[in-house]
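Undergrad: Have a look at this one before I ask anything.
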Amino acid sequence: AHASHSFVGPHHRWTPAEKDARPPEPLEVAAAFEGGLLRVTLTNKSGHGWPSGFPARMGIVKLVGLDAAGQPVWTNFEKNPVKESPESVLFAVFVDAAGKPTLPPFSVRKARDQRLRAGEARVLTYQVPAAVKTLKGKVLYRLVPPPAVKLFGLEGTPEAEARPVIAFEATR
């Protein structure tokens, strides 16, 4: 018998590990309305960048605005957060020799890095319609980005899914 030397990291969200074995998320999230704007503050409480590990990991802020009857009337993106709400995606972008986005192992340089730095607090601001009375949000975590899922044949596996790591709300 000996003490465990396992490393409890983000992969545990994709395995049937004990709930207590899952590490607390190093993010704090606060959201508040200011007139027609919604401000979401993400604070990285870890001593390293977030998301970290495999350089192509992604954190995604997903927002759904509900009207007074509780019906969805607004969202920050429908299908592709990178195209529809790029400020909502925390990730690094790597490019090949031709300057086209590619996965880190095939890249020649990092073109952009939107991950949170250690200890950073970042405010994301969204224009929200007046009909939105309640905002439901969550931070999603992707171990593997969609292009890599296809490239590595991971379709249909748990690792191919984005998983929620934090849920939050704001009301007007």
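The values are calculated or read from the model by the stated rules, or taken from the named source; none is laboratory data. Since the model is a prediction, treat every value here as computed from it, not as a measurement. Virtual Cβ from ideal backbone geometry, glycine too; neighbours counted across all protein chains shown. For accessibility, only protein heavy atoms count, side chains too; no ligands or nucleic acids. Shrake-Rupley method; radii C 1.70, N 1.55, O 1.52, S 1.80 Å.
Undergrad: Just to be sure, is Val73 over 17 Å from Ile166 (Cα atoms) and touching a Pro at 6+ places or on another chain (Cβ under 8 Å)? Break it down stepwise before answering.
TA: Numbers: over 17 Å from Ile166 (Cα atoms): yes; touching a Pro at 6+ places or on another chain (Cβ under 8 Å): yes.
It is true that Val73 is over 17 Å from Ile166 (Cα atoms) and touching a Pro at 6+ places or on another chain (Cβ under 8 Å).
Undergrad: A follow-up question, please. Please work out which residue is modelled with the highest pLDDT, limiting yourself to the range 154-172 and to residues that are in contact with a Phe, Trp or Tyr (Cβ under 7 Å, 6 or more places away or on another chain) and either of a type outside the set (Val, Ile, Thr) or over 19 Å from Pro55 (Cβ atoms) (or both). First the steps, then the outcome.
TA: At the first step, the residues of the range 154-172 found to be in contact with a Phe, Trp or Tyr (Cβ under 7 Å, 6 or more places away or on another chain) are 158-159, 162-163, 165, 170, 172.
Now drop any that are not either of a type outside the set (Val, Ile, Thr) or over 19 Å from Pro55 (Cβ atoms) (or both), which leaves 158-159, 162-163, 170, 172.
On the way: Pro158: 84, Glu159: 83, Ala162: 90, Arg163: 89, Ala170: 98, Arg172: 94.
In this case the residue turns out to be Ala170.
Undergrad: Look at the range 91-121 and say how many of its residues are part of a loop (DSSP other than H, G, I, E, B), under 21 Å from the mean Cα position of the chain (by Cα) and buried (at least 16 other Cβ atoms within 10 Å of the Cβ). Don't jump to the end; show me each part of the working.
TA: Step one: list which residues in the range 91-121 are part of a loop (DSSP other than H, G, I, E, B), which gives 91, 96-100, 103, 107-108, 114-115, 117-120.
This time we only want the ones that are under 21 Å from the mean Cα position of the chain (by Cα), so: 91, 103, 114-115, 117-120.
Subsequent filtering for residues that are buried (at least 16 other Cβ atoms within 10 Å of the Cβ) retains 91, 103, 115.
Residues in the range 91-121 being part of a loop (DSSP other than H, G, I, E, B), under 21 Å from the mean Cα position of the chain (by Cα) and buried (at least 16 other Cβ atoms within 10 Å of the Cβ): 3 in total.
Undergrad: I've got another one for you. Tell me which residues, restricted to the range 30-69, are touching a Lys or Arg at 6+ places or on another chain (Cβ under 7 Å), assigned to a strand (DSSP E or B) and more than 28 Å from Leu143 (Cβ to Cβ).
TA: Ala32, Phe33, Leu66
Undergrad: Here's something else I'd like to know. Could you please give the count of residues in the range 70-81 that are open to solvent by 50 Å² or more (accessible area, probe 1.4 Å) and in a strand (DSSP E or B)?
TA: 2
Undergrad: Can you tell me which residue is farthest from Pro164 (Cα to Cα) among those in the range 42-56 that are crowded, with 20+ Cβ neighbours inside 10 Å and at pLDDT 90 or above?
TA: By that ranking, first place goes to Asn44.
Undergrad: Would you pick out the residues in the range 122-153 that are crowded, with 16+ Cβ neighbours inside 10 Å, at pLDDT below 95 and in a loop (DSSP other than H, G, I, E, B)?
TA: Leu143, Val144, Pro145
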